[in-house]
């Protein structure tokens with residue numbers, strides 16, 4: 001059966017009435033839309049264009065962190081990788097091409113953001129994966145998934161039922177052990193283990209006697225004695241000899257502070273079970289680590305160090321953490337570190353007696369960004385020469401036992417550009433279509449900065465204005481001047497450079513992206529708040545804000561040869577420039593978390609700012625909202641009639657300046673951070689709002705709580721596209737996916753065919769080519785509309 005690079009998961013298209021309320025939180029994992037369709041009122045030629053579209057995944061490949069890479073022990077041609085915040089992908093041809101297997105699921109319980117995976121020992125089609133959304137099982141080799149953790153209790157301090165570690169008795173898959181928490185490398189979770197004896201229908205908390213801080217990194221069931229269960233934790237090693245009823249701590253002398261991951265083997269000579277665990281012992285001052293591998297053949301009672309040949313690092317960010325094997329009795333082990341840059345990978349072929357450094361093996365890189373912390377390593381039992389490693393920026397594979405490695409995310413075209421193989425992990429914040437050439441695209445992303453396409457998204461090239469290999473994050477700050485050919489402005493939030501001297505800079509191209517010059521710097525007056533001033537805040541995703549330029553807007557009424565340009569600084573106000581020569585802060589008392597600027601097409605003295613909320617150190621809310629300035633950016637006030645809600649996007653048209661669309665996001669995290677924010681979290685109304693009178697009055701036209709991604713047809717203001725987005729931790733999105741309306745928001749149609757994720761980030765409508773739309777996602781690259789087959 002032939003496989004496509006991207007499998008389109010077909011879902012029904014629904015016409016949703018404005019006032020219709022969807023059902024509550026889904027309790028099953030259905031690979032389809034399950035909102036009942038409503039007939040449309042009429043059919044037009046343009047209507048048929050939009051209703052018949054599906055989505056095709058495009059991109060340069062890679063571009064973000066992947067935390068899971070697992071090759072099938074039964075077939076070396078089959079493997080899975082899962083992105084940090086994006087989909088899970090599968091290959092059936094040894095990594096030559098990949099397709100998503102977690103797109104199109106409705107409701108909270110969907111197998112997104114997986115962090116680990118286990119294959120059945122005997123049934124090649126039976127697989128389990130787990131992570132942010134719980135524990136899932138597949139019985140068709142990963143093509144579809146069902147949830148086993150709907151009744152798994154959220155752990156103390158955890159918002160949802162995230163699962164960090166799982167052990168399954170594959171001889172009796174009804175018996176499952178699971179520990180709550182988040183991915184082991186960035187461990188966060190309580191010292192708890194639960195057990196199910198009925199295939200996940202119910203769970204019982206075990207009396208482990210573990211400290212509350214004993215975050216569980218691994219659980220294993222002894223294949224020789226199913227009553228023996230082992231757990232490595234952040235506070236040491238624990239063992240149960242009675243199927244989890246009672247537990248005892250073992251190896252206090254070698255694991256005084258904690259363990260990394262664990263792998264389990266069998267001695268082929270005497271049949272004994274061998275436990276291999278990475279030690280994570282801290283020095284008394286907590287600044288260095290005693291990092292080593294230990295082995296036990298008596299259930300953890302005694303341990304022998306097996307670190308011969310390993311040059312263990314003492315630094316926190318270079319510690320070994322991941323260990324895996326190539327089969328129970330093969331003797332082949334791999335060890336990986338979380339070191340940035342070059343990374344450290346060791347291999348042993350004799351059960352840890354000797355280790356060989358594989359770090360200097362040849363790696364064939366892709367388009368550039370390859371940082372090598374080994375987030376996950378797996379060896380194919382059926383062919384131990386095949387090894388997969390999940391890393392930051394891309395993933396790599398070896399077909400010769402680690403002597404050489406090849407990235408499998410991208411392929412290079414004859415003219416030096418890049419095309420993805422289907423493994424797309426980019427976080428796309430904005431897609432800009434060149435106003436003079438619709439095949440030329442400028443793409444803004446997290447972490448990897450700016451890249452371009454001059455063939456409508458078939459291939460891509462990267463922009464390094466600060467030097468080869470210096471990437472960055474760009475949010476909304478990409479503008480192609482609609483009146484001046486080849487003139488493009490780009491603002492960075494941050495550039496990944498050791499000195500960070502380019503934070504918040506603005507660059508400009510006058511030749512359509514062939515060359516770039518630096519026009520906005522601290523020296524030219526574009527001065528952002530010091531990072532230290534922002535440490536007291538954090539964003540909806542838990543991270544603190546970073547300084548930099550978040551948005552740029554061009555005043556089209558200004559002279560073409562001397563453009564008036566506005567720049568929004570992250571919690572630093574509004575700056576203004578004439579053609580980028582020099583910048584001056586013009587706003588008064590408006591140091592908000594700006595995400596987008598927009599200028600009224602009819603009156604350029606009227607500016608709008610979309611603002612996102614931030615949380616203070618005590619969890620107090622600093623509300624987001626839609627703000628307006630009527631004096632060219634000097635004084636700002638909240639727009640009346642709009643709620644205090646996180647505003648994620650603004651859409652306006654030159655031809656219809658009185659019509660404004662705004663997308664809004666209900667900040668569920670505000671209440672999670674501080675119960676005092678309960679009213680803010682519950683009362684702010686996410687969705688899509690529309691004004692027909694230039695912002696004097698507003699109407700909520702799409703009742704979806706978390707909308708991100710918004711654009712309209714600039715030639716027909718009644719055609720609008722919006723994203724109802726899933727968040728990694730969120731459980732309140734009702735009907736995720738892409739919505740469009742052809743009657744100004746009175747009715748909506750959901751078009752999700754081919755989406756690889758519901759984590760929608762941006763939408764761009766090509767107004768000059770009806771039916772052409774681009775979708776940017778968080779962690780799943782971006783997609784382009786195509787006629788429904």
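None of the figures in this text is laboratory data; all of them are computed from the coordinates on show. None of the values given here were measured: they were computed from a predicted structure. Because the Cβ atoms are built from the backbone with ideal geometry, glycine has one as well, and the counts that use them run over all protein chains shown.
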Cα-projected label distance for residue 602 with residue 304, points at 7 Å along beta-carbon direction, nm | 8.4
Alpha carbon centre of region 111-177 versus region 46-81: separation in Å?
-> 21
Taking the alpha-carbon centroid of each part, what is the distance from region 434-454 to region 227-262 in angstrom?
-> 51
Alpha-carbon centroid distance for the pair region 402-425 / region 541-591, whole angstrom = 37
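Set the Förster distance to 25 Å, then compute FRET efficiency between residue 415 and residue 362 from the Cβ-Cβ distance, nearest 0.05.
Efficiency for this residue pair is about 0.50.
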Could you give the nm distance between label points at residue 257 and residue 224, where each point is 7 Å from its Cα heading toward the beta carbon?
-> 3.2
Given a Förster distance of 56 Å, the FRET efficiency implied by the Cβ-Cβ spacing of residue 579 and residue 96, rounded to the nearest 0.05, works out to 0.70
Between residue 461 and residue 52, what is the FRET efficiency for a Förster distance of 22 Å, r being their Cβ-Cβ separation, to the nearest 0.05?
-> 0.10
For residue 437 and residue 205, calculate 0.36 nm times their separation in residues minus their Cα-Cα distance, and state this gained length in nm to one decimal.
-> 77.5 nm
Highest-first arrangement of 241-249, 207-215, where packing means the average Cβ count within 10 Å | 207-215, 241-249
Segment residue 311-residue 248, length gained on full extension (0.36 nm per residue, minus Cα span) | 19.5 nm
Treat each spin label as a single point 7 Å out from the Cα along the C-beta direction, and report the residue 404 to residue 350 distance in nm.
-> 2.8
